[in-house]
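Student: Take a look at the following structure, please.
The values are calculated or read from the model by the stated rules, or taken from the named source; none is laboratory data. Here the structure is a predicted model, which is why all the values come from computation and not from measurement. Note: ideal-geometry Cβ built from the backbone for every residue, glycine included; neighbour counts use all protein chains shown.
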Amino acid sequence: MSGAPAPLRPYAGQRVLLGVSGGIASYKSAWLARLLTLAGAEVDVVMTPAALEFVGAITFEALTGRPVHSQIFGAGNALDHVKLAKAARAIVVAPATADFCARAATGQANDLLSAILLAADCPVLLVPAMNDRMWAHAQTKENVAHLHKLGYRVLPPDEGMLAAGEGSGPGRMPEPETIFAYAGWLLEDHHALGGKRIVVTAGPTREPVDPVRFLSNHSSGKMGAAIAAAAWRRGAEVVLIAGPGNIVAPPGACVVRVETTEQMRDAVARAIDDADALIMAAAPADFRPATPASQKIKKGDGAPAPLELAPTPDILVSTIAARRPGAVVVGFALETTDLLANARAKLGRKELDLVVANDATEEGAGFGVDTNRVTLVGREGAEERLPLMDKREVADVILDRVVRLLDGR
Ligand SMILES: Cc1cc2nc3c(=O)[nH]c(=O)nc-3n(C[C@H](O)[C@H](O)[C@H](O)COP(=O)(O)O)c2cc1C
């Protein structure tokens, strides 16, 4: 029986303290509380009195299934600021108002949330969100610079639509999904890939037939995006070279967008000279129309002329000379026949350390879906067949192997 794997709960049992201060973006933090809870975290929400003017504590209580804390004084919670600080594996304050940033930068402890920051010794992420003029103020800038000096991590605001009537500018709180990804970075036990540069490719490529049509494939880019996210969480500097599609890149990655296989090859060649690892999860087109038409091919009366195809460059083979000596190189083999024989052939021909082989005809594997069933084939010939897994779990297994290979160099 194939059976879909259970939903991932990567933060199961981890205590995350979500601080909410009183800004217009406070409502978005309800979704952040939800994302963290769905990922298995035990979320302790601490709201400033001002935050309670914007969103009710009951919303957070219902979403997290845990009591919400907001009072520093109160019978029965005299030492909450110390207990909550000690219990937290990570603290995220989102939104962090200008006022809250000022209090944190100057070590004030006049409400429960700011007192918790002083008592904490876990990683803390502050997510400032405010009007663009407040964000541009010299005092805010000085406060934020000082927060960095104190060791707090600060996720700068996005540029975009502000509160009603305030137009657009820098100050908007990043989307909860982005903050959630940073929480994953904070919760990572140790950043085993710290100081390493990893290049990942993802998605399909498109080869033009004429100005309005192209040849491509069903690759969604999910596998490559999951690898890039996992590498970034483990502390790597990540370059994600992505073909067209709705690929969700990890927030800390440098993303290079490409269209054709040739463009992907050129981007890879530029990126890999100082890369410690190259993980090629993209599905670049193997063929392209030999001479794309300069104008749209008309339907006409009869059948159009047959398409003449030409091979595209093999990205891994043609960039071997550009690799940094000792770089770990992982390739993917998506096949419909002779899976393992094809994977083994790729190992030598493309000078790879590891091939991730998957069969496009297997249920739950390959393109488009969130799961994959892969066999890892190592240079020394060892094969490891993994069960049906979420692509994010497959990414972690591949990165465990990459870490081991890098450690051995
Ligand atoms: C409607 C409204 C929206 C506000 N939005 C923000 C905001 O987005 N960012 C901010 O820094 N302050 C904002 N403020 C001001 C804060 O609520 C105020 O500075 C408060 O003292 C913050 O308290 P706290 O940091 O303890 O939560 C807003 C105030 C009002 C009335």
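Student: Would you mind finding the one in E380, E335 that is out of contact with any strand residue (DSSP E or B) (no Cβ under 9 Å at 6 or more places or on another chain) and assigned by TED's automatic domain parsing to the domain that holds A267?
Tutor: E380
Student: When the residues of the stretch 20-55 are narrowed to those that are of a type in the set (V, I, T) and under 23 Å from L186 (Cα atoms), which ends up farthest from the ligand (Cβ to nearest atom)?
Tutor: Applying the filter and picking the extreme gives T37.
Student: Got a sec? Which strands (runs of 3 or more DSSP E) wholly within the stretch 139-210 have at least 1 residues that are hydrophobic (A, V, I, L, M, F, W, C) and within 16 Å of the ligand (Cβ to nearest atom)? Spell out the reasoning first.
Tutor: Values: elements: 158-161, 168-172, 197-202, 207-210.
Per the criteria, 158-161.
Student: Out of G195, G160, report the one residue that is small (G, A, S) and closer than 30 Å to R401 by Cβ.
Tutor: Numbers: G160 fails: closer than 30 Å to R401 by Cβ.
Step by step, each of G195, G160 is checked, and only G195 is small (G, A, S) and closer than 30 Å to R401 by Cβ.
Student: Of the residues V355, V377, which is in contact with an Asp or Glu (Cβ under 7 Å, 6 or more places away or on another chain) and either surrounded by fewer than 21 Cβ atoms within 10 Å (Cβ to Cβ) or assigned to a strand (DSSP E or B) (or both)?
Tutor: So the residue among V355, V377 that is in contact with an Asp or Glu (Cβ under 7 Å, 6 or more places away or on another chain) and either surrounded by fewer than 21 Cβ atoms within 10 Å (Cβ to Cβ) or assigned to a strand (DSSP E or B) (or both) is V377.
Student: Take the stretch 56-95 and flag every residue that is more than 18 Å from V16 (Cβ to Cβ) and within 16 Å of the ligand (Cβ to nearest atom).
Tutor: G56, Q71, I72, F73
Student: Of everything in the stretch 1-36, what is among the hydroxyl-bearing types (S, T, Y) and either crowded, with 18+ Cβ neighbours inside 10 Å or modelled with pLDDT of 95 or more (or both)? Give them in sequence order.
Tutor: Y11, S21, S26, Y27, S29
Student: Between a first residue in the stretch 166-177 that is basic (K, R) and a second residue that is surrounded by 14 or more Cβ atoms within 10 Å (Cβ to Cβ) and assigned to a loop (DSSP other than H, G, I, E, B), which pairs have beta carbons less than 7 Å apart while being 6 or more apart in sequence or on different chains?
Tutor: Final answer for the pair search is R172/A129; R172/P157; R172/L162.
Student: Now a separate question. Any residue in the stretch 69-87 that is more than 12 Å from A119 (Cβ to Cβ) and among the small types (G, A, S) sitting within a Cβ distance under 8 Å of a residue that is part of a loop (DSSP other than H, G, I, E, B) and modelled with pLDDT of 95 or more? List the pairs, counting only those 6 or more apart or interchain.
Tutor: Taking only residues 6 or more apart or on different chains, the pairs are S70/T48; S70/P49.
Student: For the stretch 8-22, give me each residue that is in contact with an Asp or Glu (Cβ under 8 Å, 6 or more places away or on another chain) and either touching a residue at least 40 places away in the same chain (Cβ under 8 Å) or outside any loop (DSSP other than H, G, I, E, B) (or both).
Tutor: Those that are in contact with an Asp or Glu (Cβ under 8 Å, 6 or more places away or on another chain) and either touching a residue at least 40 places away in the same chain (Cβ under 8 Å) or outside any loop (DSSP other than H, G, I, E, B) (or both): L8, Q14, R15, V16, L17, L18, S21, G22.
Student: Of the conditions (1) charged (D, E, K, R); (2) more than 18 Å from D44 (Cβ to Cβ); (3) near the ligand (Cβ under 10 Å from one of its atoms), D111 fails just one. Which one is it?
Tutor: Every condition holds for D111 apart from (2).
Student: Only residues that are farther than 24 Å from E166 by Cα and within 10 Å of the ligand (Cβ to nearest atom): list them for the stretch 114-138, please. Walk me through how you get there before you give the answer.
Tutor: Step one: of the stretch 114-138, the residues farther than 24 Å from E166 by Cα are 114-125.
Of everything in the stretch 114-138, just one residue is farther than 24 Å from E166 by Cα and within 10 Å of the ligand (Cβ to nearest atom), namely S114.
Student: A further question on this structure: Given the criterion surrounded by fewer than 23 Cβ atoms within 10 Å (Cβ to Cβ) and either hydroxyl-bearing (S, T, Y) or under 20 Å from K346 (Cα atoms) (or both), identify the matching residue among T312, T261.
Tutor: T312
Student: Could you check how many residues of the stretch 52-75 are among the β-branched types (V, I, T) and out of contact with any Ser or Thr (no Cβ under 6 Å at 6 or more places or on another chain)?
Tutor: Qualifying residue count, the stretch 52-75: 4.
Student: If you check T361, T312, which single one turns out to be over 24 Å from M264 (Cα atoms) and among the hydroxyl-bearing types (S, T, Y)? Walk me through how you get there before you give the answer.
Tutor: On the way: T312 fails: over 24 Å from M264 (Cα atoms).
Testing whether each residue is over 24 Å from M264 (Cα atoms) and among the hydroxyl-bearing types (S, T, Y) leaves just T361.
Student: Next question, about the same structure. Taking the criterion of being in the same structural domain as T319 (by TED's automatic domain parsing), without any contact (Cβ under 8 Å) to a residue 24 or more places away in the chain and in contact with a strand residue (DSSP E or B) (Cβ under 7 Å, 6 or more places away or on another chain), would at least one residue in the stretch 388-408 satisfy it?
Tutor: no
Student: Also: Have a look at L155, L150, L162, L186 and point out the one that is in contact with a strand residue (DSSP E or B) (Cβ under 8 Å, 6 or more places away or on another chain) and at pLDDT 95 or above. Before the answer, list the steps.
Tutor: Details: L150 fails: in contact with a strand residue (DSSP E or B) (Cβ under 8 Å, 6 or more places away or on another chain); L162 fails: at pLDDT 95 or above; L186 fails: at pLDDT 95 or above.
On inspection, the qualifying residue turns out to be L155.
Student: Which condition breaks for N372 when tested against (1) farther than 23 Å from R233 by Cβ; (2) touching a residue at least 40 places away in the same chain (Cβ under 8 Å)?
Tutor: Every condition holds for N372 apart from (1).
Student: Any idea which of (1) assigned to a strand (DSSP E or B); (2) at pLDDT 95 or above is the one A275 doesn't satisfy?
Tutor: If we test A275 against (1) assigned to a strand (DSSP E or B); (2) at pLDDT 95 or above, just (1) comes out false.
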